[in-house]
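The values are calculated or read from the model by the stated rules, or taken from the named source; none is laboratory data. Computed from a prediction, not measured in an experiment: that's the story for all the values here. FYI the Cβ positions are ideal-geometry reconstructions off the backbone, even for glycines, and counts take in every protein chain you see. Surface areas here come from the heavy atoms of the whole protein model, side chains and all, with no ligands, DNA or RNA. Shrake-Rupley method; radii C 1.70, N 1.55, O 1.52, S 1.80 Å.
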Amino acid sequence: MSANSAERPRSLDVVLVKAGRTKIRYAAELLTDDGTRIAVRAPWSGAGVRDLGFVRFEPGDVFTEYYWRDRWYAVKEVRAATGALKGWYCDITRPATLSGGELVVEDLDLDLWRSADGTDVRRLDEDEFAESGLTESDPEAAAAAMAALDELEALATVEGGLESLLA
């Protein structure tokens, strides 16, 4: 189904798994699925406001989320209720799987934020990643996760870099 399809949008559940347990589950609208990349749109699903210091996620915010079946990350474009771009929140994950009405993604703790104007690019949760034990329990996955974070950071520091993934 394409974003311009006359068909009714398909709803699915995004299931974020962390350390073998469901961290969050929320409803999203499937925008596109080309067999490799899946795009969905969902409102902020948190309870109330989440202020990270460098960005606030709040009711009314809209996330357009991009997941890949062959990449170790997800990129989420974050817009305020007014439509103003806040930035991109990127999760380092195992490749996504879509089965039935569930898009399942395993969060590997590492994250990256890029502000809308590109002046703030920051790696997040490296301490949680180190504490997760993934480096010892699954060194190949840990290496893939670090490579994905490095790739996203490189893209985030050049104009149009992250956006090129979403076109």
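For LYS86, list the aspartates and glutamates whose Cα falls under 12 Å from its own Cα; do not include residues on the same chain fewer than 8 positions away. Within reach: GLU58, ASP61, GLU77, ASP117, ASP120. Charging the Cβ of each Asp and Glu at -1 and of each Lys and Arg at +1, and nothing else, the dipole of segment 32-167 about its Cα centre rounds to 640 debye. For GluC sites (Glu not before Pro), no site in segment 115-145 is both called loop by DSSP and has at most 14 other Cβ atoms within 10 Å.
With contacts taken as Cα pairs under 8 Å and at least 6 residues apart, the chain reaches a relative contact order of 15 percent. Overall, segment 1-97 carries a charge dipole of about 300 debye about its Cα centre when +1 sits on the Cβ of Lys and Arg and -1 on the Cβ of Asp and Glu, all other atoms neutral. The 3J(HN,Hα) values that the Karplus relation (6.51, -1.76, 1.60; θ = phi - 60°) gives for segment 141-152 are, in residue order, 5, 4, 5, 5, 5, 5, 5, 5, 5, 4, 4, 5 Hz. Gly and Pro appear as x. Of the trypsin sites (Lys or Arg not before Pro) found in segment 41-72, those that fall in a DSSP loop while having at most 16 other beta-carbon atoms within 10 Å are ARG69.
The helix-based estimate of mean residue ellipticity at 222 nm for the chain, built from -39,500 (n - 2.57) per DSSP H run of four or more residues and divided by its residue count, is -6000 deg cm²/dmol to the nearest 500. Judged by the ratio a/c of the largest to the smallest principal axis of the C-alpha gyration tensor, the chain counts as rounded, that ratio being less than 1.5.
Element breakdown for the chain at a 1.4 angstrom probe: carbon and sulfur atoms account for 49% of the accessible area. Picking from GLY48, ALA130, VAL105, whose Cα lies most toward the positive end of the charge dipole for the chain (charges on Cβ: Lys, Arg +1; Asp, Glu -1)? It is GLY48, whose Cα lies furthest towards the positive end.
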